[in-house]
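Worksheet: the structure to be examined is printed underneath.
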Amino acid sequence: MLGEDESAVGGCLCGDIRYTVTGPTLFVSQCCCKDCQKATGTGHTTIFGLRSHQLQMQGTPKTYTNAGESGGSVTRHFCGTCGGRLYTTGDLPGDTIVIMQAGSLDDPNLVSPESVIYTKDAVAWDVFDPALPRFEARQPRKL
Ligand SMILES: [Zn+2]
Ligand SMILES: [Zn+2]
């Protein structure tokens, strides 16, 4: 978790796009949903939530928008050169939330997952910390 006055930097693989985030993080989760699997080519993706004003971008990501599970739109922001995923906006509780890809931080150890979400889509070979609370779909939270 990033605290109130903490900040961190990150960016894509090629370095064309860089960003700075400031705390506090709203949540950190492992997301097993089908769309995260397709978008990343992995079993799950590690994400953390912020208010949009807590993200400062340097560079302009490409975007891809599709319908989320609840029918609203979800927009994924990624580098047009290297494909590195950066963050997601859209069909999320509170429209000012951005969902960051934790692996795009220069030091991903600055955050640590607090829950596993969309376990209904989890693949059999993916392994999670058994101490983390699990949710079949979206984690109910107050944002
Ligand atoms: Zn890039
Ligand atoms: Zn997901």
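The values are calculated or read from the model by the stated rules, or taken from the named source; none is laboratory data. Just so we're clear, the structure is a prediction, and the values are computed from it rather than from any experiment. As a convention, Cβ positions derive from the backbone with ideal geometry for all residues, glycine included, and neighbour counts pool all protein chains shown. Only protein heavy atoms, including side chains, enter the accessible area calculation; ligands, DNA and RNA are left aside. Shrake-Rupley method; radii C 1.70, N 1.55, O 1.52, S 1.80 Å.
Below, the figures for the structure above:
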{"read-out": "Stretch gain in nm, segment E114-A137, where the contour uses 0.36 nm per residue and the Cα spacing is subtracted", "value": "6.8 nm"}
{"read-out": "Of A39, A124, A102, the one that fluctuates the most in a GNM where the chain has Cα springs shorter than 10 Å", "value": "A124"}
{"read-out": "The chain: relative contact order as a whole-number percent, Cα under 8 Å and 6+ apart", "value": "27 percent"}
{"read-out": "Max mean-square fluctuation residue, GNM over the chain, Cα-Cα springs under 10 Å, options D126, D35, D106", "value": "D126"}
{"read-out": "nm² value of the averaged projected area, convex hull over the Cα atoms of region 4-103", "value": "5.9 nm²"}
{"read-out": "Accessible area per residue, Å², region 7-121 with all protein chains present, probe 1.4 Å", "value": "44 Å²"}
{"read-out": "Helix-only mean residue ellipticity at 222 nm for the chain, each DSSP H run of n ≥ 4 adding -39500 (n - 2.57), per residue, nearest 500", "value": "-1000 deg cm²/dmol"}
{"read-out": "Cα-based shape type of region 63-143, given that a ≥ b ≥ c are square roots of the gyration tensor eigenvalues and the cut on a/c is 1.5", "value": "oblate"}
{"read-out": "Listed peptides 20-32, 109-121, 64-76 by packing density, highest first (mean Cβ within 10 Å)", "value": "20-32, 109-121, 64-76"}
{"read-out": "Lys pairs under 23 Å by Cα in the chain, provided they are eight or more residues apart or on distinct chains", "value": "5"}
{"read-out": "Accessible area of the chain belonging to carbon and sulfur atoms, whole % at 1.4 Å probe", "value": "52 percent"}
{"read-out": "Pairwise centroid distance, computed over Cα atoms, of region 31-110 with region 4-27, Å", "value": "12 Å"}
